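Student: First, the structure itself, so that you have it in front of you.
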Amino acid sequence: MQQSSADVLIIGGGIIGCAVAFELAEAGVRVCVLEGRRTGGGASQASAGVLAPYVEGHDSPVLRALGRRSLDAYAAFVARAVERSGWPVELARCGTLEVAVTEADAVRLHRARKMIAAEGVPGKWLEDRALIDAEPALHPGVLGALRIPSHACVNVPAFTAALEAAAVAGGAAVITGVAATSIAPDGAGLVVETSAGSHRASQVVLAAGAWSAALAPAGADPVPVRPVRGQLLYLATPPGTVRHVVWSSDVYLVPWADGTVLVGATSEEVGFDERATAGGVAQLLHAATALVPALADATFVEARRGLRPGSPDDLPYIGRSEVLPGLIYACGHYRNGALLAPLTAALVRQLVEGDAGDEALAAVTPARAERL
Ligand code: GLY
């Protein structure tokens, strides 16, 4: 048995695990991250990093509220990680343009604009000259678009690396290439079996993305997290070809300062199959070039894929186990792991410090899984 010197063992070194490790290390907690691959090597390496609660959360007031709170905290959280690590992270407040290709899209987006205005979020309907000026490369058949300037995007692989480095600078240990295989009670604490021995800790944070359900201890709270494959393309274009995050019902485009445009993403219920497929790539290329024809001339750089950790109500599970109080869940973030990372880190820190009073915890409690 390896005696971990950490008080809190975090299973999973994706953006959630690394954000939690950074936040806890900053709070003076001795933490250790266990990651079966490399840090950021799961869904995080494929994330487009879109921070857009008013696009992803059209139908869910709870997701919008959680996303807005996390988005409001984003710039300060990134700045802290950059300062601690010395690593650069691109965070662009580029806004989103959610486009209407059909009259039905336009009706839905006008309704969405009114809804978010009622929540105090500015959004503007653009069409004709105003739309061409905002996003000149859009297909001329696009009817109009809802622009939400407060939306942003973050380079997730760079941010995850910065969070890891910042956590390590704060005293965290990170073990990679060692996969956790089970969690069980052990006296007053927990024991985590791995592919290379056992670790004990008084508290364990389960942040293993799509693999979290398989690791939840037998007889503990069910956390029905399932894999949902997303494939995503990297295209190289002259900088400025695409200016906003452009979102349609078929595809989204995320522009970076160097001209890279990420094209996302498929959403496929194919279990733990992590392949990029010819069909997935073809679907994304077709949709992207239909929306912005100039992308047909882009350089194809690569296809990435990751398994989103889906939950039945699309909300994460963040909270203490009712069966094993030393176990804290931080999983099931589905399409919003990047967006919800700062909020998740703050909530887990509160839980570790013994404060369960944050009203957001009621919305994301793992106990709701039994009710769904
Ligand atoms: N958040 C975008 C996606 O999961 O594809």
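The values are calculated or read from the model by the stated rules, or taken from the named source; none is laboratory data. The structure displayed is predicted, hence computed values, not measured ones. Cβ atoms come from the backbone with ideal geometry, glycine included; neighbour counts cover every protein chain shown.
Student: If you scan the range 343-357, which residues turn out to be surrounded by fewer than 24 Cβ atoms within 10 Å (Cβ to Cβ) and either within 16 Å of the ligand (Cβ to nearest atom) or over 29 Å from GLY187 (Cβ atoms) (or both)?
Tutor: Scanning the range 343-357 gives a single hit, ALA346.
Student: Could we say that LEU51 is touching a His at 6+ places or on another chain (Cβ under 9 Å) and either more than 16 Å from the ligand (Cβ to nearest atom) or within 20 Å of ALA345 (Cβ to Cβ) (or both) here? If you could, list the steps in order and put the result at the bottom.
Tutor: On the way: touching a His at 6+ places or on another chain (Cβ under 9 Å): yes; either more than 16 Å from the ligand (Cβ to nearest atom) or within 20 Å of ALA345 (Cβ to Cβ) (or both): yes.
So LEU51 passes the test.
Student: Determine the pairs where a residue that is at pLDDT 95 or above, located within the range 84-96, has a partner that is of a type in the set (S, T, N, Q) with Cβ atoms under 8 Å apart, the partner being 6 or more residues away or on another chain.
Tutor: VAL89/ASN155; GLU90/ASN155; LEU91/ASN155; ARG93/SER150; GLY95/SER150
Student: Out of the residues in the range 194-207 that are within 27 Å of the chain's Cα centre (by Cα) and under 17 Å from ARG37 (Cα atoms), state the one that is surrounded by the fewest Cβ atoms within 10 Å (Cβ to Cβ).
Tutor: Looking at residues that are within 27 Å of the chain's Cα centre (by Cα) and under 17 Å from ARG37 (Cα atoms), I get SER195.
Student: Check off (1) closer than 24 Å to PRO309 by Cβ; (2) within 16 Å of the ligand (Cβ to nearest atom) for ALA207 and give me the number that stays unchecked.
Tutor: (2)
Student: Across the range 335-361, what is the total count of residues that are over 17 Å from CYS18 (Cα atoms) and in contact with a strand residue (DSSP E or B) (Cβ under 9 Å, 6 or more places away or on another chain)?
Tutor: Final tally of qualifying residues: 4.
Student: Could you tell me whether the range 150-173 includes any residue that is over 25 Å from SER47 (Cβ atoms), hydrophobic (A, V, I, L, M, F, W, C) and surrounded by 15 or more Cβ atoms within 10 Å (Cβ to Cβ)?
Tutor: Within the range 150-173, the first condition is being over 25 Å from SER47 (Cβ atoms), and the residues that meet it are 171.
The next check asks that each one be hydrophobic (A, V, I, L, M, F, W, C); those that pass are none.
No, the range 150-173 has no match at all.
Student: Would you pick out the residues in the range 227-243 that are of a type in the set (D, E, K, R) and surrounded by 24 or more Cβ atoms within 10 Å (Cβ to Cβ)?
Tutor: Across the range 227-243, the qualifying residue is only ARG229.
Student: Another question, then. Which condition number does ALA75 fail, the rest of (1) free of Cβ contacts under 8 Å to residues at least 60 places away in the same chain; (2) under 18 Å from ALA165 (Cβ atoms) being met?
Tutor: Tallying (1) free of Cβ contacts under 8 Å to residues at least 60 places away in the same chain; (2) under 18 Å from ALA165 (Cβ atoms), ALA75 fails exactly one: (2).
Student: If LEU235 passes every condition in (1) free of Cβ contacts under 8 Å to residues at least 40 places away in the same chain; (2) more than 15 Å from the ligand (Cβ to nearest atom) but one, which one does it miss?
Tutor: Condition (1) is where LEU235 drops out.
Student: Could you check GLY319 against (1) within 16 Å of the ligand (Cβ to nearest atom); (2) buried (at least 21 other Cβ atoms within 10 Å of the Cβ); (3) at positive phi and say which number it fails?
Tutor: Against the list (1) within 16 Å of the ligand (Cβ to nearest atom); (2) buried (at least 21 other Cβ atoms within 10 Å of the Cβ); (3) at positive phi, GLY319 comes up short only on (1).
Student: Please work out if ALA100 is more than 27 Å from THR176 (Cβ to Cβ), crowded, with 19+ Cβ neighbours inside 10 Å and in contact with a Ser or Thr (Cβ under 6 Å, 6 or more places away or on another chain). Let's see the steps before the verdict.
Tutor: Details: more than 27 Å from THR176 (Cβ to Cβ): yes; crowded, with 19+ Cβ neighbours inside 10 Å: yes; in contact with a Ser or Thr (Cβ under 6 Å, 6 or more places away or on another chain): no.
No, not satisfied.
Student: Also: Among the residues of the range 305-312, is there at least one that is over 15 Å from the mean Cα position of the chain (by Cα), within 16 Å of the ligand (Cβ to nearest atom) and of a type outside the set (D, E, K, R)?
Tutor: No: zero hits.
Student: May I pose another question? Return yes or no: is ASP7 surrounded by fewer than 20 Cβ atoms within 10 Å (Cβ to Cβ), free of Cβ contacts under 8 Å to residues at least 12 places away in the same chain and of a type in the set (D, E, K, R)?
Tutor: Against the criterion (surrounded by fewer than 20 Cβ atoms within 10 Å (Cβ to Cβ), free of Cβ contacts under 8 Å to residues at least 12 places away in the same chain and of a type in the set (D, E, K, R)), ASP7 does not qualify.
Student: Output the residues belonging to the range 179-192 that are surrounded by 14 or more Cβ atoms within 10 Å (Cβ to Cβ) and part of a loop (DSSP other than H, G, I, E, B).
Tutor: ALA179, the sole residue that qualifies.
Student: Something else: From ASP105, ASP128, which residue is surrounded by fewer than 17 Cβ atoms within 10 Å (Cβ to Cβ) and of a type in the set (D, E, K, R)? Don't jump to the end; show me each part of the working.
Tutor: On the way: ASP105 fails: surrounded by fewer than 17 Cβ atoms within 10 Å (Cβ to Cβ).
Answer to the selection: ASP128.
Student: Please determine whether any residue of the range 208-226 is part of a strand (DSSP E or B) and either surrounded by fewer than 24 Cβ atoms within 10 Å (Cβ to Cβ) or at pLDDT below 95 (or both). Step through it out loud before you land on a result.
Tutor: Taking the range 208-226 first, the residues part of a strand (DSSP E or B) are 226.
With the extra rule that they be either surrounded by fewer than 24 Cβ atoms within 10 Å (Cβ to Cβ) or at pLDDT below 95 (or both), the set shrinks to 226.
Yes, there is a match, as at least one residue in the range 208-226 is part of a strand (DSSP E or B) and either surrounded by fewer than 24 Cβ atoms within 10 Å (Cβ to Cβ) or at pLDDT below 95 (or both).
Student: Considering ALA265, ALA303, which residue is closer than 19 Å to ALA152 by Cα, surrounded by 19 or more Cβ atoms within 10 Å (Cβ to Cβ) and in contact (Cβ under 8 Å) with a residue 60 or more places away in the chain?
Tutor: ALA265
Student: Determine whether ALA290 is of a type in the set (A, V, I, L, M), more than 11 Å from the ligand (Cβ to nearest atom), assigned to a helix (DSSP H, G or I) and within 22 Å of the chain's Cα centre (by Cα).
Tutor: no
Student: Could you please let me know if ARG368 is farther than 30 Å from GLU268 by Cβ, part of a helix (DSSP H, G or I) and away from the ligand (no atom under 16 Å from the Cβ)?
Tutor: no
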